[in-house]
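Engineer: Here it is, the structure in full.
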Amino acid sequence: MQRDSGAGDGTPGTPSPTHGGRLRHRKRSSEVLSDVNKTNGANLLLNDQNKYKSMLVRTYSSLWMIAGFVFLIYMGHLYIWAMVVVIQIFMAKELFNLLRKANEDRQLPGFRMLNWHFFFTAMLFTYGRFLSRQLVNTMTSDKLLYKLVSGLIKYQMFICYFLYIAGFVWFIVTLKKKAYKYQFSQYAWTHMILLMVFAQSSFTVANIFDGIFWFLLPASLIAINDVAAYFFGFFFGKTPLIKLSPKKTWEGFIGASVTTMLSAFVLANFMGHFQWLTCPRKDLSTGWLHCDPGPMFTPESYNLPGWMPQWFPWREIAIMPVQWHALALGLFASIIAPFGGFFASGFKRAFKFKDFGDSIPGHGGFTDRMDCQMVMAVFAYIYYQSFVMVQDLSVETILEQILRNLTVEEQHDLYGQLGRLLARAN
């Protein structure tokens with residue numbers, strides 16, 4: 001009879017414990033789960049450590065930025081404008097470098113300078129339009145400078161157009177065979193940067209000289225919204241908000257929206273008490289400002305409803321009209337402005353890079369911080385011009401038109417006629 005093959009007696013078909021060596025046993029399921037749990041636990045611990053380390057670095061750099069920002073606000077309009085120009089230059093540098101190819105650039109000496117030629121031409125045109133009134137008011141005390149500035153203002157558009165055409169001709173002349181596609185893509189990319197980045201951020205400067213309030217409040221609301229979204233998402237975030245930005249959550253978005261709206265109402269009241277923030281700057285000086293705050297920053301009393309409890313200490317509250325406008329800014333900052341960040345996230349995903357730069361530890365580049373600010377700056381400018389600014393003529397507006405449209409001889413003639421009219425009136 002055949003022996004049973006499972007007897008383990010050393011037959012060829014059966015591994016023997018004495019001849020086949022030690023038997024291999026599969027790990028039990030509990031052992032496998034234990035190893036997996038250990039591995040996952042180590043990874044989760046490492047991820048948590050990295051997460052908190054990243055938050056710490058981001059917090060430190062944010063505090064330094066806030067301190068520098070507060071200092072520039074104290075220094076005044078001209079210094080804030082200088083800060084905006086520096087940020088624009090850093091943003092342009094980051095964006096110009098994104099799509100560069102070192103091999104192609106080596107074959108095109110001087111091609112990088114063309115980007116900066118268009119950039120500074122746009123800067124001259126934009127700031128010349130926004131700040132012509134302040135420039136005139138600054139230079140009226142000096143006769144020679146007055147003539148020079150009035151001439152520059154009158155022909156500013158022609159000068160900028162000539163500079164642009166010079167750049168256009170420069171681009172055509174430097175076209176090289178086998179580099180056409182790269183050169184035209186860089187030309188288009190440069191104009192997109194000027195349109196989407198520089199043009200939008202330049203509205204910030206107009207807001208500054210209309211009153212630091214109209215620059216500081218929108219910028220603060222974006223920062224508050226960003227910080228609140230980060231912390232609400234960090235501690236409570238579970239539900240993804242949008243695929244373009246996987247770290248954004250509905251909890252962070254809603255929490256940040258509520259925080260931003262409340263902050264807008266409170267901050268508008270606080271800032272509205274400082275003439276340094278509310279007064280417009282009509283020249284390029286750095287002296288202290290005094291002005292009539294006007295009805296926009298004059299508190300109005302509102303009686304509280306009768307159902308308020310008796311222990312409540314106030315029966316009426318004072319609210320500035322600008323606080324209602326601040327709610328509109330807060331709503332835009334919390335609902336619409338974040339889409340500037342989503343646009344930037346989609347762009348980074350399209351070209352497969354994490355950040356636009358590494359200038360700010362924990363935040364990436366300047367462009368990563370300014371994406372929502374640019375959208376907000378345009379809205380704040382348009383909102384102020386449409387709903388807040390009093391549409392009336394001023395001495396500065398008339399003087400600007402005189403300088404733009406009259407020759408020096410015509411200005412002297414106007415001056416004589418005004419003198420004679422005033423003499424008759426007296």
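The values are calculated or read from the model by the stated rules, or taken from the named source; none is laboratory data. No experiment lies behind these values; they were computed from the predicted model shown. Quick reminder, even Gly has a Cβ in these numbers, built from the backbone with ideal geometry, and neighbours come from all protein chains shown. These area figures cover heavy atoms from the full protein model, side chains too; ligands, DNA and RNA do not enter into them. Shrake-Rupley method; radii C 1.70, N 1.55, O 1.52, S 1.80 Å.
Engineer: Between residue 145 and residue 53, what is 0.36 nm times their sequence separation minus the Cα-Cα distance? Round to one decimal in nm.
Structural biologist: That works out to 27.6 nm of additional length.
Engineer: Going Cα to Cα from residue 178, which lysines come in below 24 Å? Please leave out same-chain ones fewer than 8 positions away.
Structural biologist: Counting by Cα, and skipping residues close in sequence, residue 178 has these lysines nearby: 101.
Engineer: Carbon and sulfur: what percent of the chain's accessible surface (1.4 Å probe)?
Structural biologist: Accessible surface attributable to carbon and sulfur in the chain totals 66 percent.
Engineer: Right, another one. Read phi for every residue in the stretch 234-239 and hand back ³J(HN,Hα) as whole Hz from Karplus 6.51 cos²θ - 1.76 cosθ + 1.60, θ = phi - 60°, with x for Gly and Pro.
Structural biologist: 5, 9, 10, x, 9, 9
Engineer: What residues from the stretch 144-171 fall in the zone where the backbone N is under 20 Å from a label point 7 Å along the Cα-to-C-beta line of residue 285?
Structural biologist: Under 20 Å, as judged by backbone N against the label point of residue 285, lie 144-147, 149-150 of the stretch 144-171.
Engineer: Another question, then. Sort by residue number and report every cysteine in the chain with no other cysteine beta carbon within a distance under 4.7 Å.
Structural biologist: Lone cysteines by the Cβ rule: 160, 372.
Engineer: Per residue of the stretch 220-226, what does 6.51 cos²θ - 1.76 cosθ + 1.60 with θ = phi - 60° give for ³J(HN,Hα)? Whole Hz please, x for Gly and Pro, Karplus curve as stated.
Structural biologist: 5, 5, 5, 5, 4, 4, 5
Engineer: For a label point 7 angstrom out from the Cα of residue 412 toward its Cβ, which stretches of the stretch 145-180 have the backbone nitrogen within less than 13 Å?
Structural biologist: Counting only backbone N, you get no residues.
Engineer: Sticking with this structure for a sec: How much accessible surface does residue 95 have with a 1.4 Å probe, in Å² rounded to 10?
Structural biologist: The accessible area comes out at roughly 10 Å².
Engineer: Looking at the stretch 375-426 from every direction and averaging, what is the projected area of its Cα convex hull in nm²?
Structural biologist: If you wrap the Cα atoms of the stretch 375-426 in a convex hull and average its projections, you get 5.5 nm².
Engineer: Residue 284's amide H: which non-local residues (gap 5+, or another chain) put their own amide H closer than 5 Å, with H modeled 1.01 Å from N in plane and none for Pro or chain starts?
Structural biologist: The answer is 138.
Engineer: Whose amide H sits under 5 Å from the amide H of residue 248, counting only residues 5 or more places off or on another chain, with H placed in the peptide plane?
Structural biologist: Long-range HN contacts for residue 248: 241, 242.
Engineer: Per 0.36 nm of contour for each residue apart, how much would the distance between residue 60 and residue 395 grow if the chain were fully extended, relative to their Cα-Cα spacing?
Structural biologist: Fully extending the segment from residue 60 to residue 395 adds 115.9 nm.
Engineer: Rounded, prolate or oblate: which fits the chain, taking a ≥ b ≥ c as square roots of the Cα gyration tensor eigenvalues, rounded meaning a/c under 1.5, else prolate when a/b beats b/c?
Structural biologist: The shape class here is oblate.
Engineer: 5 Å is the cut-off here: which amide hydrogens, built 1.01 Å from N in the peptide plane, fall below it relative to residue 211, excluding neighbours closer than 5 in sequence?
Structural biologist: The list, which skips near neighbours in sequence, is 281.
Engineer: Another question, if that's okay. Using mean Cβ contacts within 10 Å as the protection proxy, how do 360-369, 108-117 order, highest first?
Structural biologist: So the order, starting with the most tightly packed, is 360-369, 108-117.
Engineer: What are the ³J(HN,Hα) couplings of the stretch 66-78, residue after residue, when phi is run through the Karplus curve with 6.51, -1.76, 1.60 and θ = phi - 60°? Round to Hz, x for glycine and proline.
Structural biologist: 5, 4, x, 5, 4, 4, 5, 4, 5, 5, x, 4, 5
Engineer: By how many nm would the segment from residue 106 to residue 86 lengthen if fully extended, with 0.36 nm per residue of separation less the alpha-carbon distance?
Structural biologist: Fully extending the segment from residue 106 to residue 86 adds 4.5 nm.
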